[in-house]
1. Among the residues in segment 90-98, are any surrounded by 10 or more Cβ atoms within 10 Å (Cβ to Cβ), over 30 Å from the mean Cα position of the chain (by Cα), of a type in the set (Val, Ile, Thr) and modelled with pLDDT of 85 or more?
Amino acid sequence: TFAGHEQCTGQTQQQQLLSHGTEVEELEAVVDERERGIRETEQVITEINEIFRDLYALVDEQACSVDHVVCDIDSAAATTSQAEEEVSALAVETDRVSSSSPSSSTKYLLMFVVGIFLFIFLLVLVG
């Protein structure tokens, strides 16, 4: 009976070792799967980091362009204000000249009429 008991105990130990070996293999498979998942996650995070860096570069580049546009708008506004002041000053000067003397077309008409009278007067004197 002792030999039978020893054989039974040996088989139980073999089954326990096989069972334990299977559990170890399963645990190793789980660890390998988790490592693979961690590597994939690390790769995705690296790719996202690159995307954000590229996005930052684009935004920084666009910020420079926007700054140039703002500068151009400010310059155009200043030039427009200066032109408005010059036009206003010219309008005031034109109003002042118009009210104090006859208009240019009236001056030319008057000179034309005087020229015709002088021409007729010279024809009468010569003739």
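The values are calculated or read from the model by the stated rules, or taken from the named source; none is laboratory data. All of these numbers come straight from a predicted model, not from anything done at the bench. Here the Cβ is made from the backbone with ideal geometry for all residues, glycine too, and neighbour counts use every protein chain on show.
1. No, segment 90-98 contains no residue that is surrounded by 10 or more Cβ atoms within 10 Å (Cβ to Cβ), over 30 Å from the mean Cα position of the chain (by Cα), of a type in the set (Val, Ile, Thr) and modelled with pLDDT of 85 or more.
Conditions tested, residue by residue: (1) out of contact with any Cys (no Cβ under 8 Å at 6 or more places or on another chain); (2) acidic (Asp, Glu); (3) part of a helix (DSSP H, G or I); (4) at pLDDT 95 or above.
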residue	(1), (2), (3), (4)
4	yes, no, yes, no
7	yes, no, yes, no
12	yes, no, yes, no
24	yes, no, yes, no
28	yes, yes, yes, no
31	yes, no, yes, no
43	yes, no, yes, yes
60	yes, yes, yes, no
